[in-house]
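This report refers to the structure that appears directly beneath it.
The values are calculated or read from the model by the stated rules, or taken from the named source; none is laboratory data. Small disclaimer: the values here were computed from a predicted structure and weren't measured. Positions of Cβ are backbone-derived with ideal geometry, glycine not excepted, and every protein chain shown enters the neighbour counts. Quick note on the areas: whole protein, heavy atoms, side chains included, nothing else; ligands and nucleic acids left out. Shrake-Rupley method; radii C 1.70, N 1.55, O 1.52, S 1.80 Å.
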Amino acid sequence: MTAPAFDFDRLIDRRSLPSEKWGRYAGRDVLPLWVADMDFAAPPVVIDALHRRIDHGVFGYTDAWPSLIDAVVDGLQRDHGWTIQPDWLVWLPGVVAGFNLACAIAGQPGDGVLTATPVYPPFLGAPAHTGRVLQRVELVLRDGRWQWDWDALEAACTPSTRLLLLCSPHNPVGRVFDDAELRRLADFAARHDLLVCSDEIHCGLVLDPARPHRPLAALDEATAGRTITLMAPSKTWNIPALYCAFAVIPDAALRRRYRHAMRGIVPHVNVLGMVAAEAAYRDGDAWRRALLDYLRANRDRVVEAVAAMPGLTMAVPEATYLAWIDCRAMMAARGLSDPAAFFEAAGVGLSDGAAFGAPGFVRLNFGCPRSTLDAALARMAHALGA
């Protein structure tokens with residue numbers, strides 16, 4: 001039998017080095033399936049590129065260079081059919097800084113920022129950092145998929161709303177929004193004259209080949225003109241702590257406003273992060289495709305296991321390596337109020353849905369070797385008597 005080109009089954013000891021994911025449970029027998037980083041080594045092409053740059057030995061101030069920019073431009077065209085211009089790129093240390101900046105330039109203090117919940121927790125805190133007001137609309141589970149409640153979206157938008165903060169593909173529910181949904185969102189933003197900031201950091205992690213990711217700004221020129229798209233190689237190629245991301249801002253005036261808000265606040269991007277980004281976008285697609293095959297199999301194991309656990313339900317994730325699990329029936333049956341604490345006591349560390357705006361849910365990260373995942377699922381099943 002031919003050995004696999006990439007070994008995602010390999011167990012790497014993350015307890016031996018500082019790690020937010022594993023350090024949370026230091027000294028305890030808890031398998032961490034919470035924060036969104038994977039337990040796989042970065043792609044060999046990325047590691048090799050980093051070694052070459054480190055061997056140079058000089059780490060002076062550096063802006064994005066032509067071959068890096070070309071790798072990103074070519075990657076977005078190859079992967080998403082999106083043609084962008086090099087001068088649309090604004091380099092950032094991370095997408096969280098990116099959407100906080102979008103809040104800062106959207107209207108004035110006291111104006112509204114609208115987002116769909118449940119959602120990545122920093123979305124919920126970002127508006128207040130610059131004196132804006134968080135406005136929420138709840139996604140609804142319909143026909144086995146998390147979907148927009150269009151009437152509720154209209155009702156949540158007020159005359160003070162200035163920004164639609166979008167997560168696409170969506171974290172934590174794992175949706176890949178289709179063209180009809182994206183066009184309806186674009187029409188909604190146009191009718192209400194909203195700036196849109198679309199966090200698309202999970203765009204390289206689409207698990208359902210029948211549902212490709214489409215950047216919102218790729219719909220048409222008018223939508224692109226009001227949209228700030230945030231992307232990064234960090235989730236797809238598992239290099240989050242190298243801190244390299246970018247905004248794609250086609251409108252020149254909007255881009256100037258955004259850059260102005262960065263001055264004196266947002267640091268330059270780490271040079272090693274940029275080296276890694278170039279290698280990932282230019283040469284990392286074979287690794288990414290192998291990863292997606294592995295993650296699909298992991299996802300299927302989670303779906304099957306959760307279906308057999310009393311009181312738990314979930315929709316099938318179309319993207320990301322994250323499972324969004326409804327524990328409310330289990331909690332009601334057992335008189336519990338904190339499902340994350342229940343599973344942590346059973347030896348599995350999950351993200352608490354309350355932080356995403358949805359108490360009673362947990363988020364499970366299945367971006368790990370299959371042996372780790374199977375052990376965690378077995379612990380969950382045992383705790384539930386399944």
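The listed residues HIS192, HIS202 rank as HIS192, HIS202 when sorted by accessible area, largest first, using a 1.4 Å probe. Could you tell me the distance between the Cα centroids of the range 341-377 and the range 182-197, to the nearest Å? First find each Cα centre; the distance between them is then 34 Å.
Expressed as a whole percent, the accessible surface of the range 199-273 that belongs to carbon and sulfur atoms is 55, based on a 1.4 Å probe.
Taking every DSSP beta bridge that has both residues in the chain, what percent is antiparallel when rounded to the nearest 5?
Values: 20 of 41 bridges.
Taking every DSSP beta bridge within the chain, about 50 percent pair in antiparallel fashion.
The alpha carbon gyration tensor of the range 28-90 gives principal lengths a ≥ b ≥ c with a/c of 1.5 or higher and a/b no greater than b/c, which makes the shape oblate.
Okay, helix-only estimate at 222 nm for the chain: each DSSP H run of n ≥ 4 adds -39500 (n - 2.57), divide by all residues, round to 500 deg cm²/dmol; what do you get?
Working: 14 runs with 152 residues, N = 386.
Theoretical 222 nm ellipticity from helices: -12000 deg cm²/dmol.
In a simple Cβ point-charge model (Lys, Arg +1; Asp, Glu -1; nothing else charged), the chain has a dipole of about 600 debye relative to its Cα centre. Here's the picture: charge each Lys and Arg Cβ at +1 and each Asp and Glu Cβ at -1 in the chain, and of CYS103, TRP88, TRP148 the one pushed furthest to the positive end of that dipole is CYS103.
Per residue, how big is the convex hull of the chain when only Cα atoms are used? Give it in Å³. Present the calculation step by step, with values, prior to reporting the outcome.
Numbers: hull volume 59.4 nm³, N = 386.
Enclosed volume per residue, from the Cα hull, is 154 Å³.
Projecting the Cα atoms of CYS244, ALA279, GLY225 onto the charge dipole of the range 223-326, computed from C-beta unit charges around the Cα centre, puts GLY225 farthest toward the positive end.
Taking only protein heavy atoms into account and a 1.4 Å probe, give the accessible area per residue of the range 107-248 in Å².
Details: 4950 Å² over 142 residues.
Heavy-atom SASA per residue in the range 107-248 reads 35 Å².
Any idea how far the Cα center of the range 120-163 sits from the one of the range 38-97, in Å? Answer, in whole Å: 31. Remark: the range 342-352, residue by residue, has Karplus-estimated 3J(HN,Hα) of 4, 6, 4, 5, 8, x, 10, x, 10, 7, 6 Hz, where x stands for each Gly or Pro and the curve is 6.51 cos²θ - 1.76 cosθ + 1.60 at θ = phi - 60°. Close amide H partners of VAL133, meaning residues 5 or more places away or on another chain with modelled amide H under 5 Å apart, are GLY110, ASP111, GLY112, VAL113. Stretching the chain fully between GLN147 and ALA253 yields a gain of 34.9 nm (0.36 nm per residue, less the alpha carbon separation).
Of all the C-alpha pairs in the range 1-143, what % are more than 28 Å from each other?
Values: 5131 of 10153 pairs.
The proportion of pairs with Cα distances above 28 Å equals 51 percent.
A probe of 1.4 angstrom, applied to the heavy atoms of all protein chains, finds PHE99 with accessible area near 0 square angstrom. Sorted from greatest to least, the principal axis extents spanned by the alpha carbons of the range 228-286 come out as 37, 23, 15 Å.
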